1. Mind grabbing the base-10 log of I(q)/I(0) for segment 63-197 at q = 0.14, 0.16 Å⁻¹? Debye formula, identical points on the C-alpha positions, no solvent, two decimal places.
2. Hey, can you rank 312-321, 141-150, 344-353 by average C-beta count inside 10 Å, highest first?
3. Count neighbours as other Cβ atoms within 10 Å of each site's Cβ, and list the GluC sites (Glu not before Pro) in segment 422-463 that are DSSP loop with at most 14 such neighbours.
4. With respect to the cross-link table entries 35/96; 87/555; 96/124; 125/355; 96/431; 126/319, which display a Cα-Cα separation exceeding 24 Å?
5. Taking the Cα centre of segment 338-404 as origin, work out the dipole magnitude from +1 charges on Lys and Arg Cβ and -1 charges on Asp and Glu Cβ, in debye rounded to 20.
6. Not counting ligands, DNA or RNA, and with a 1.4 Å probe, what is residue 626's accessible surface area in Å² rounded to the nearest 10?
7. Projecting each Cα onto the charge dipole of segment 255-395 (Lys/Arg +1, Asp/Glu -1 at the beta carbon, about the Cα centre), which of 269, 259, 323 comes out farthest on the positive side?
8. Which value, in debye to the nearest 20, describes the size of the charge dipole of segment 290-381 about its Cα centre when Lys and Arg Cβ atoms bear +1, Asp and Glu Cβ atoms bear -1, and nothing else is charged?
Amino acid sequence: MADPSSYRPKPGQIPDSPGVYKFRDEHRRVIYVGKAKNLRQRVANYFQDLANLHPRTRTMVTTAASVEWTVVSTEVEALQLEYSWIKEFDPRFNVKYRDDKSYPYLAVTLNEEFPRVQVMRGAKKKGVRYFGPYGHAWAIRETVDLMLRVFPVRTCSAGVFKNAARTGRPCLLGYIGKCSAPCVGRVTPEEHRDLAEDFCDFMAGRTGTYIRRLEKDMMQAAEEMEYERAARLRDDAEALKRAMEKSAVVLADATDADLIAVAEDELEAALQIFHVRGGRVRGQRGWVTDKVEAVDTSGLVEHALQQLYGEERGDAVPKEVLVPALPEDTEAVSQWLAERRGSQVSLRIPQRGDKKDLMATVQRNAQQALGLHKTKRASDLTTRSRALEEIAEALGLDTAPLRIECYDISHLQGDDVVASMVVFEDGLARKSEYRRFQIKGFEGQDDVRSMHEVIGRRFKRYLQEKERTGEWEEQTGDTPADGPAATGPAPTGPVPAVGPTAEDAEPREDDGRPKRFAYPPQLVVVDGGQPQVAAARRALDELGIDDIAVCGLAKRLEEVWLPDDDDPVVLPRSSEGLYLLQRVRDEAHRFAITYQRAKRAKRIRTSPLDDVSGLGETRKQALIKHFGSVKKLRQATIDEICEVPGIGRRTAESVAAALASTAPAAPAVNTATGEIIEEDDGGSS
């Protein structure tokens, strides 16, 4: 590991102009490429105190052995040079998107004498016009089959084309009218190229012109009583309309735009792109990447734009690019895109209307793509085995933790405090064994105390089950810590009830045995740092349990904390063990917050007005809005209630009766001061 001060440039050595810089390791390999408006300021940031650097940046600068830079005249040149160097050197610490699959394109080989329409994958070739990408190759073939009757362009391979030219006999498509048969001279090379260019124009979104022309020719043929020709033209127009219907209109203003959305977590990001041409979605693709550098959403978008348009020119760069966050240097990126297109490009965040709605759809696709990527990665048996082995090695466990339980606390400003327990066995989620808890031992917000209570309740149930089944070996004079004569240190704070509750009661088998809480994990993971880990360990110690490992995963830097250790365990960013711990923690967080939101929504919805027959949600809201709260509504007279629009006298009497039946018996009093506590329930009771 190198000391960054050993290769730090001397003061004043770095210019303060725009440029691109490279970090190299001891073997002279380029490990990171970056750009800057001001090289001096940007590069100096890498040589501050290591403790102030992001962990990924810290790893990069300690891996590097030298830094060098190249001065350019403009920020646009810096953007282009950065892209070129990333492509050339493939630095290990730069974000690089990779396709989550190989997408097929519809390609027209305009670089040939007789252009060919075909399905293509892989790297793009010069002189070939591409449309897409598409989700499936069969979707391309269906579209092409509909369009060949109107634009009979060659689709055969070079071998078939040469054989037909040699024998003077076209292939089957030539006989049925789906190829103009340039191989046998039915059309000239110029006429065939015109067909290919018309095909490209239609695919690019200029559809109305051709359909109107066909309909005009059809009407003219009908007037001239050429009914067979009119029928063919009618069928051609219908074929083009069916081809258009395969991609629904999503933007009514016939916009040409690319929409980019990003879904990310601490370690990975997924990106989805919708290609909209003529207001219709003409293609879709997705990328995933490991976040190997300290990068936010703006940085991910900038890297995506470089990779998406770095090799494109002309119409391949649309007039509009819609993104979830603007790059740091929006002006330079917009100018770079405009240079590649040859005209102005609008780079912006959609704020309203159809474009914002479509961006939400793209975002959902990105979230699903990230989830699918994680699922595929987690489902691999070899990967899961390696992850469990890495966790065991990092935490000093004797065996791999085949059963992992993770706990998380969730609340909203101290209200509706709940906890979740999720279970992973062999690296896979066991949702049938998930549990959820209400915090009952105290009121208010205290994540550490809540964690202590939840761990205590869960493992008291475990000890009860061991005792019931005879697995508990009684020591002389001792009973289980959860039994009626428990000894040992008392838990801090009020002791929660250990009997079954609505939240942690368990379904039972026919013989009465509980299905859950009967099996101990090898590893308990808590969402949090040192305080939460210490609370969980203390709860286990108070119950006399010393054979279950405990660790915590702190979200900010993905550090793993162990009891009684002052320093965290830092797993490598690419570690499968860290990935599994993160997935377990995120699942516990999701399960906890879902329960917390459900409880809060139920509490907010509960009101004395719910019992009033015939009073719907709209009129309930009107009453609360008029009076300000249920308390003030309770104090109102029937005549005052009737003043609310839509409330008749009979309804007002029902409201008054319902509120009177739920009125508090006496005002709340602060026993320390004797002061009456004012109640304002704001619509809830």
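1. -0.75, -0.87
2. With the highest mean Cβ count within 10 Å placed first, the list reads 141-150, 312-321, 344-353.
3. Of the GluC sites (Glu not before Pro), the ones in loops of segment 422-463 whose Cβ has at most 14 other Cβ atoms within 10 Å are 443.
4. Exceeds cut-off: 87/555; 125/355; 96/431.
5. 580 debye
6. Residue 626 has an accessible surface of roughly 90 Å² with all protein chains in place.
7. The residue sitting most towards the positive pole is 259.
8. I would put it at about 460 debye.
The values are calculated or read from the model by the stated rules, or taken from the named source; none is laboratory data. Note that the structure is predicted; figures quoted are calculated from it, not measured. Every residue, glycine as well, gets a Cβ built from its backbone with ideal geometry; the counts of neighbours run over all protein chains shown. With ligands, DNA and RNA removed, areas are computed over all heavy atoms of the protein, side chains included. Shrake-Rupley method; radii C 1.70, N 1.55, O 1.52, S 1.80 Å.
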